[in-house]
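The values are calculated or read from the model by the stated rules, or taken from the named source; none is laboratory data. Predicted model, so just to flag it, every value in this text is computed and none were measured. All Cβ positions, even for glycine, are placed from backbone atoms using ideal geometry, and neighbour counts span all protein chains on display. With ligands, DNA and RNA removed, areas are computed over all heavy atoms of the protein, side chains included. Shrake-Rupley method; radii C 1.70, N 1.55, O 1.52, S 1.80 Å.
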Amino acid sequence: MTTPAHSALYLSVPFCRTKCSFCNFASGVFSRQQFDGYVAHLELAMAGAESWVRANGGEFSPLLDSIYLGGGTPSVLAPDQLERLFQSAARSFKVKPGAEITVEVAPGTLSPEILDVLVRCGVNRVSLGVQSFVDEESRAVGRLHTRATTLDDIARLRAAGITEISVDLIAGLPHQSLESWSRSLDGVIALGVPHASVYMLEVDDDSRLGRELIAGGTRYHAHHVPDEALTVELYREACRRLNAAGLEQYEISNFARAGHRSHHNLRYWQRLPYMGFGVDAHSMLPAPIQGEPHRAIRLAWPETIESLLANTAAERTVVGERQAIEETYFLGLRTVEGLELVAIKEEFGIAAVDVYKERITELVARGLVEIDDGFLRLTAEGRLFSNDVFAEFLSE
Ligand code: SF4
């Protein structure tokens, strides 16, 4: 990895009004009394960012191309707490003029005071966790908003001058059918938002709904969850409808109108540096040394607020040459453009392509990847089985 002069900042705010049944993120419902201490922790972490990065052997760049506040629901913070985070970021780093500044907002949490803070602090992009435009589906997973709330929030964001709006949807929620999914897609398209993300429901034991599905039970409307074949169909339908409406797919889960891709998220797939602070936040820091120009350090903060506030150190992983090559493949393959094989040869040497030749040939034969004009990319089918493809690029 080369060493670009710019970095990016991610802040995790793990607080939510309710815990959605499908959610497998490190987030939860906490007393408001804990918010202040948490914000103070993030402020301290940002102030000490340079020494923290250097102590971990990484290269530090104070110049930020993008800032992303996610979680969790950053918009549940009190307005002054949210503002303190931005003031602290501005004190600790240099925010590039025109930097993309995104805040995740749950519909229904955008009070006039929070909206004022967003505008005052230069937030120019909001990612709305809508998940569904069908109220029965939202209710079934424990969300507190309705379709009307979402429409109102979007109208107020636009009136305040924030037009870079992304809407998240989830395919595979309880009670979803092709017909109801079509209404959610209609909602996104009719709103004319420039960006949308579509995720397929993840069934694992990190969410209540996932655990219930694994156990074969009926709590959390688990028996109304579409089967895998229908969920795949819903995802395919989203790709078809959104692409046709001008929201072009640019990553497995992301769609944007021309010029409206998320710069911050693109960094992750391009292996560009970023610093993350807060619960379960990750960092990627260039750390080249003599003979290892692609060396990097990855750091991950604890997944619980208790552990974070007890000053547990971030888990540190050194990314060597071999791992850097693997990451380049499985992160780059997430994007619709894929990877330019010549660029990989130039960056890592011919062996970085040759070593995968047989596996790539096999994946091409299975219809999961294609090589077109020198680019290796997932096919539409490959995007459905992306984890199987990525596994082929990992060492045993
Ligand atoms: S889906 Fe979003 S709002 Fe719901 S619990 Fe998870 S982080 Fe919070």
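Scanning region 200-256 for residues that are open to solvent by less than 80 Å² (accessible area, probe 1.4 Å), part of a loop (DSSP other than H, G, I, E, B) and touching a residue at least 60 places away in the same chain (Cβ under 8 Å) yields Leu201, Asp204, Ser207, Ile252. In region 115-141, the residues that are more than 18 Å from Ala89 (Cα to Cα) form Cβ pairs under 6 Å with partners that are open to solvent by 30 Å² or more (accessible area, probe 1.4 Å) and of a type outside the set (Lys, Arg), at six or more places apart or across chains, as follows: Leu115/Ala160; Ser127/Glu104; Asp135/Thr146; Glu136/His175; Glu137/His175; Ala140/His175; Ala140/His221.
For beta carbons closer than 7 Å, sequence separation of 6+ or different chains, a first residue in region 330-353 that is more than 19 Å from Ser386 (Cα to Cα) and a second that is of a type in the set (Gly, Ala, Ser) and open to solvent by less than 30 Å² (accessible area, probe 1.4 Å), the qualifying pairs are Ile344/Ala352; Lys345/Ala352.
Checked against (1) away from the ligand (no atom under 11 Å from the Cβ); (2) open to solvent by 40 Å² or more (accessible area, probe 1.4 Å); (3) free of Cβ contacts under 8 Å to residues at least 40 places away in the same chain, Val29 passes all but condition (1). Meeting the requirement of 1 or more residues that are among the hydroxyl-bearing types (Ser, Thr, Tyr) and either in contact with a Ser or Thr (Cβ under 8 Å, 6 or more places away or on another chain) or open to solvent by less than 30 Å² (accessible area, probe 1.4 Å) (or both), the strands (runs of 3 or more DSSP E) wholly within region 281-396 are 282-286. Listed here are the helices (runs of 4 or more DSSP H) enclosed by region 89-199 that have at least 3 residues being within 28 Å of Gly28 (Cβ to Cβ) and out of contact with any strand residue (DSSP E or B) (no Cβ under 8 Å at 6 or more places or on another chain): 112-120, 135-140, 147-159.
Each row is one residue, and each column tells you yes or no for (1) in contact with a Pro (Cβ under 7 Å, 6 or more places away or on another chain); (2) touching a residue at least 12 places away in the same chain (Cβ under 8 Å); (3) away from the ligand (no atom under 15 Å from the Cβ).
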site: Leu9; (1), (2), (3): no, yes, yes
site: Ser12; (1), (2), (3): no, yes, no
site: Arg17; (1), (2), (3): no, yes, no
site: Phe22; (1), (2), (3): no, yes, no
site: Gln33; (1), (2), (3): no, no, yes
site: His41; (1), (2), (3): no, yes, yes
site: Ala45; (1), (2), (3): no, yes, yes
site: Ala49; (1), (2), (3): no, yes, yes
site: Ala55; (1), (2), (3): no, no, yes
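To keep it simple, each residue is scored yes or no on (1) within 23 Å of the chain's Cα centre (by Cα); (2) at pLDDT 95 or above; (3) farther than 28 Å from Gln131 by Cβ.
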site	(1), (2), (3)
Phe15	yes, yes, no
Gly28	yes, no, no
Asp36	no, yes, yes
Val105	yes, yes, no
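Could you please find all residues in region 57-86 being touching a strand residue (DSSP E or B) at 6+ places or on another chain (Cβ under 7 Å), part of a helix (DSSP H, G or I) and either more than 16 Å from the ligand (Cβ to nearest atom) or more than 21 Å from Cys20 (Cβ to Cβ) (or both)? Within region 57-86, just Leu85 meets the criteria. Of everything listed in (1) under 20 Å from Glu251 (Cα atoms); (2) more than 26 Å from the chain's Cα centre (by Cα); (3) free of Cβ contacts under 8 Å to residues at least 12 places away in the same chain, the single unmet condition for Gly367 is (3). For region 140-152, indicate whether the set of residues that are of a type in the set (Asp, Glu), open to solvent by less than 70 Å² (accessible area, probe 1.4 Å) and more than 16 Å from the ligand (Cβ to nearest atom) is non-empty. No. Is it the case that some residue within region 169-178 is open to solvent by less than 10 Å² (accessible area, probe 1.4 Å), in contact with a helix residue (DSSP H, G or I) (Cβ under 6 Å, 6 or more places away or on another chain) and on the phi > 0 side of the Ramachandran plot? There is at least one residue in region 169-178 that is open to solvent by less than 10 Å² (accessible area, probe 1.4 Å), in contact with a helix residue (DSSP H, G or I) (Cβ under 6 Å, 6 or more places away or on another chain) and on the phi > 0 side of the Ramachandran plot.
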